[in-house]
Structure formats: structure tokens, C-alpha cells
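Here the structure is laid out as C-alpha cells; the discussion comes afterwards.
The values are calculated or read from the model by the stated rules, or taken from the named source; none is laboratory data. These figures come from a predicted structure and were not determined experimentally. All Cβ positions, glycine included, derive from the backbone under ideal geometry; neighbour counts span all protein chains shown. Quick note on the areas: whole protein, heavy atoms, side chains included, nothing else; ligands and nucleic acids left out. Shrake-Rupley method; radii C 1.70, N 1.55, O 1.52, S 1.80 Å.
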Amino acid sequence: MARADASLACPKKADRPLAATLAEVAKAAGVSIATASRALNNSTRVSPEAYQSVCAAASRLGYRRHRAAWGKTQQKVRAVAAVIHAGHRMLFTEPFFARLIGAAELELAQHQIPLLVTSTSGTLTETVGRYLRGGHVDGLIVVSDHGPLPLSSSLATLGLPIVVVGRPLHPSPVPYVDAENRAGARTAVEYLIAQGRRSIAHIAAPPDTGVGADRLFGYRDAMRAIGATDVPIAYGDWGQVSAAHAMQRLLDQRPQLDAVFAASDVMAAGALRCLTRAGRRVPDDVALIGFDDHALAQQLRPSLTTVRQPVEELATVAVCRLLAAMRGEQENQDPVVLPTELILREST
């Protein structure tokens, strides 16, 4: 990505303004100090509007809870927390998380820093927020942040170094690393078009994530380029069952469809199960492409053509950026976006 404009660069220490107080954040957001405190502590007793106003004000004013940088005290780093903004089912069924966490753990182990992993969603968010405020960790990696109330916006006010894996759906001051999801999806659909496929459907991921939105955008980009506007799209929840249902809806809507691009390999597996049950041969009748290139892609029959994203490299880059921030080095807010690659197999 391009370097940030010089006017947006972090000022040198001597030029940094005094840190904003909680009272100033509350005043800027138009709420009470108590409401501002609850919002910054991820309390569920705050309206979405107040939460967004407080997080925006805290970000604009540069509000941070003061913590000493790693390396500037004699205190040993206690741990880094990987906060997965998803439910337990996703954490244990989506291969992306296992690969990312494993690579991050190995990278941190070289610095003798343990990695603590927690998933959070709904009412658990406040509990996790309280734990993180307790001084148990010295850095945060937020994964799969999503929804209208992004977790990273409130966690950034803890004063801990933080990196997000995956482009935030809404603008955020928190640095992030990501893969070329939009470009990768566009490349996949362009390949299907080049193979003569024209009725190409998309099984989309939940659109409240940057990943899901970007892969949907890439699909639309490629279809728009051939003049297709009424494109068949059905949504899944990243799981096989939802994808199988989505595939059936697509078959009902477009009986003659001849290709499917699924937003993940797991959802492609669900689509394949539905196609097989419906008597559609892959790839003879319907070509199929997934995204991620997990081990599952090679285990399917036929083996799955997919877009490979560098999951382990995402983890390594995220950890390196986090460690730099923990050392108090000059902050770099530019996002790091890693390339993807189309891997051809039997399903196309």
C-alpha cells in the first residue's frame, strides 16, 4: 500500500500533544463521563449510537490509557492476546483461525512471549474487555472484526499496542494486515469467464466483514466487466450447512447456472455436497471455485480450485508489527496487503 500522507504521520515524541482525558472524550461525544467509560469498556449498557460517538471521539482526540512501552521498563512481557471476534463454533470449525493462531504462536515463541487466545461475541465482549483491562497482556491481535460496532475501536483505547487481521469494514485508526481479497475474487471469476462460463453464481460470506464485502466486490467487478448486472448471489455464514442451503436456493433460481464462486473453501465444500445431491457434475455441468486454499481444498473430490491467501504470512506480519509497536517504535498506520494466487485443480 502507498505510504500515508506526511500530514497524517505520527508526530515525534517531543511534538505530541497532551493526551486527552476521559472527560474531554465524553464532552466531544456529547455523553456523560459514565457513558463514555462504559462505551470504552465494551459495556452492553450503551446504545450503538453512543458507542460509535464515543469511539470516534476517542480516536479523534487520541485518547489512550497510559502504558509503558515494552523495552523501556525492566518488566518482562506477560503475554499477547489474540481476540477472535467470532463465536466458539467459528473458532473451532473454520481452518483459517487454526492456521493463523498457530503461525502467530510460533512467531511469538521466538521472543519467549506466550499467546493467549479468546473468542468473543455478544455478551461475552464485556467479560473479555474486563480481562484485557486487568493488565494481563501487553499487546492485542484482533481477528475477524466485524459488525456496526467494531471491537478494535474500543480496544484501541486501552493503551495497548494493537493490530487487526483483516480490513475493518468501517474506517479505523488501528493498523491492519490483510490479503488481496477483492483482487483474488475478481481473478477467480475472470478465470471462469475465460473458460466460457457465463451463468456464474456467488455464495457470499456475511457482508458485515471486510473480507466478505471485498470478495463480493471482486465477484461483482468481474461480472460487471462482461455486462452482467442481474447476478445470482446467496449468502452463507462461513459454514458448510449454510452454504449447501445457499447453493440449493441458487439452483432453484438459476437452474442453468454453470459456475459457482464461493467465498471460502468450507462453503465451497457445502456447495459441492448440494451439487452432487442434485445430480450436477463438477466441473462438467458446474465449475466450482473456493477461497483460502486450506487442506480441505485438496481433500475434496474433485479437488477444489481456489484462491490461496498467505495465512501464515499474515500472522507473521501482524506479530512483527505488534512487536514493533510494543517496543515503542515509530507507529506506521499504513495497511499491509499481501497478494493472493489462483490455484487450479479439478473442480474447474
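When you look at residue 102, is it over 27 Å from residue 327 (Cβ atoms) and modelled with pLDDT of 85 or more, yes or no? No, not satisfied. Against the test of being within 21 Å of the chain's Cα centre (by Cα) and in contact (Cβ under 8 Å) with a residue 24 or more places away in the chain, the options 237, 258, 285 yield a single qualifying residue, 237. Name every residue in segment 82-98 that is open to solvent by 60 Å² or more (accessible area, probe 1.4 Å) and not hydrophobic (A, V, I, L, M, F, W, C), in order of residue number. 88, 89, 93, listed by residue number.
Right, residue 303: touching a residue at least 12 places away in the same chain (Cβ under 8 Å), closer than 19 Å to residue 101 by Cβ and of a type in the set (Ser, Thr, Tyr) or not?
Here the answer is no, as residue 303 does not meet what is asked.
The set of residues in segment 208-224 being in contact (Cβ under 8 Å) with a residue 24 or more places away in the chain and surrounded by fewer than 18 Cβ atoms within 10 Å (Cβ to Cβ) consists of 208, 217, 221.
Only residues that are in contact with a strand residue (DSSP E or B) (Cβ under 6 Å, 6 or more places away or on another chain) and not in a helix (DSSP H, G or I) were counted across segment 86-112, and they come to 1. All conditions in (1) open to solvent by less than 60 Å² (accessible area, probe 1.4 Å); (2) modelled with pLDDT under 90; (3) in a helix (DSSP H, G or I); (4) under 27 Å from residue 240 (Cα atoms) hold for residue 129, with the sole exception of (4).
Got a sec? Which strands (runs of 3 or more DSSP E) wholly within segment 133-185 have at least 3 residues that are touching a Pro at 6+ places or on another chain (Cβ under 7 Å)?
176-179
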